[in-house]
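Scroll down for the structure; my scribbles are underneath it.
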Amino acid sequence: MTLSAVALAVAGCSLFSSDKRKPVELEPNVALIGVKQTWTQRIGKANPTLVMNVSGNVVTMGSADGQLVAVNADTGAELWRANVGQKLSAGVGSDGKWAAVVTEGGDLVVLSQGKEQWRKRLANRAYTAPLVAGARVFVQSADRSVSAYDAATGNPLWSQSKTGESLVLRQSGVLMAYKDTLVTGVSGRFVGIDPNNGSLRWEVPIASPRGTNDVERLVELVGGVSRVGSVLCTRAYQMAVGCIDADTAQLRWTVRADGLNGISGDDEVVAGADGNGVITAWARDGGSVAWTSSRLKYRKLSQPLVLGRSVIFGDGNGVVHMLSKKDGSPLNRFATNNSGISVAPVIAGNTMVVQTNDGAVYGFQPD
């Protein structure tokens, strides 16, 4: 086994391990916000690195066994379905025209309306959903190197290699567009890249490596970036939460935070859960703690969705929890199935879409 393979196994243990501690007892539910289930769909079993993609009112999602499906978020109607023939390690990225995923065998596969257009073998494995933007497909590998391809033809455009760390994280990283800059995460830093040639434009640290061994010094930005205007906020794995201004390439704030999954936010707060399920909301302006809550402790929470006056989490029993964005008090909760939710819920139009671990997909709308 190579050193990089050992690294992936070590980093993956903390992400997918089961916490056996007893969850905090739930309070009686009082539905202060009305929600109704409007549709369901089916796809194969979920994988935490297979994030759902929203383009307009179309939600595209993938399953661990290689299935892809695009649905109309308003009605749940299936628009297209495909199978790439291999298990998936990363996806789904889409701009509404092309959809891109990465297989466990290391193939980048691009489809259009459910029909495969091309596939390319990558030099390294990937766990971050490809970014499809500007008729190009951008890929961040597990070692945080980045490459770009022509979306129509698959022709390689450029590749930015990186001297690999001794350990890498088997989890989605940061890969997004901001104006004319490709933004990614490398070793605890936001990095701005010229999408035309891969050259470095700027970098801003959220957290820095520390500790006495490679495991303790592992620091990576994880997927789940909250953008409001020019301000980008994210989590550094088990170390910090922070925000930068992408226009000026300046750090706005950073605070110590022990968490595994990404965060969500709006123009008022940024919210996320620690590894033990303690939830914290920080003021987007300055990073002061707005509130904390232990009411969902040890419930194996997903990455949240901040929506309206709610902070929404899925849990390991398949329950969706809506908490007040103002103080963390309960607003409603409702069940999907008991297989658990590890993929972050998304909003498309007027519909919240939730994907469970066994492949059931639900659409919820205001009642």
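Given Cβ point charges of +1 (Lys, Arg) and -1 (Asp, Glu) and nothing else, what value in debye, to the nearest 20, does the dipole of the chain about its Cα centre take?
The dipole magnitude comes to about 440 debye.
With a cut-off of 8 Å between alpha carbons and a minimum separation of six or more residues, what is the relative contact order of segment 88-229 in percent?
The value is 15 percent.
Would you mind classifying segment 72-152 by shape? Square roots of the alpha carbon gyration tensor eigenvalues, ordered a ≥ b ≥ c; an a/c under 1.5 is rounded, otherwise it is prolate if a/b is larger than b/c and oblate if not.
prolate
Out of segment 57-133, which trypsin sites (Lys or Arg not before Pro) are coil in DSSP terms and have no more than 14 other C-beta atoms within 10 Å?
Passing both the DSSP loop test and the Cβ count: Lys87, Lys97.
Would segment 12-126 count as rounded, prolate or oblate if I go by the C-alpha gyration tensor, calling it rounded below 1.5 in a/c and otherwise prolate when a/b exceeds b/c, oblate otherwise?
Taking the square roots of the gyration eigenvalues as a ≥ b ≥ c, segment 12-126 is oblate.
Can I get the semi-axes of segment 226-312's equivalent ellipsoid? Compute them from the C-alpha gyration tensor as square roots of 5 times the eigenvalues, in angstrom, largest first.
Each semi-axis is the square root of five times an eigenvalue, giving 21, 14, 10 Å.
Computed FRET efficiency, Cβ-Cβ of Lys97 and Val289, R0 41 Å: what is it to the nearest 0.05?
Calculated transfer efficiency: 0.45.
Would you calculate a helix-derived [θ] at 222 nm for the chain, using -39,500 (n - 2.57) for each DSSP H run of n ≥ 4 and dividing by the full residue count, to the nearest 500?
For the chain, the value works out to -1500 deg cm²/dmol.
Round to a whole angstrom and tell me the spacing of the C-alpha centers of segment 64-118 and segment 319-349.
25 Å
Using r as the Cβ-Cβ distance of Lys20 and Lys45, and R0 as 22 Å, what FRET efficiency do you calculate, to the nearest 0.05?
Efficiency for this residue pair is about 0.50.
What shape does segment 185-344 take by its C-alpha gyration tensor, where a ≥ b ≥ c are the square roots of the eigenvalues and a/c under 1.5 counts as rounded, a/b above b/c as prolate, and the rest as oblate?
Here segment 185-344 falls in the prolate category.
Mind giving me the nanometre distance, one decimal, between the label points for Glu104 and Lys87, set 7 Å out from Cα along Cα→Cβ?
Output for this residue pair reads 0.1 nm.
For Arg217 and Leu251, what is the calculated FRET efficiency with R₀ set at 25 Å and r taken between the beta-carbons, to the nearest 0.05?
Once the sixth-power term is evaluated, E becomes 0.75.
Summing Lys, Arg as +1 and Asp, Glu as -1, what charge do residues with Cβ under 11 Å from the Cβ of Ser55 carry, Ser55 excluded?
0
With θ set to phi - 60° and the Karplus curve 6.51 cos²θ - 1.76 cosθ + 1.60, what are the ³J(HN,Hα) couplings of segment 293-306 in order, to the nearest whole Hz, using x for Gly and Pro?
8, 10, 5, 10, 4, 6, 9, 6, 7, 6, 4, x, 10, 8
Express the relative contact order of the chain as a whole percentage, based on alpha carbon pairs under 8 Å and six or more residues apart in sequence.
It comes to 15 percent, rounded to a whole number.
With the cut-off at 31 Å, tell me which of the pairs Lys36/Lys326; Lys300/Lys326; Lys97/Lys300; Lys87/Lys300 have Cα atoms farther apart than that.
Beyond 31 Å between Cα atoms: Lys97/Lys300.
For segment 184-230, what value does the Rg/Rh ratio take when both radii are computed over Cα atoms and Rh is the Kirkwood radius, given to two decimals?
1.06
Values quoted throughout were computed directly from the atomic coordinates according to the rules given, and no laboratory measurement underlies them. All values reported here derive from a predicted model rather than from experimental measurement. Note that each Cβ is placed from the backbone with ideal geometry, even for glycine, and that neighbours are counted across all protein chains shown.
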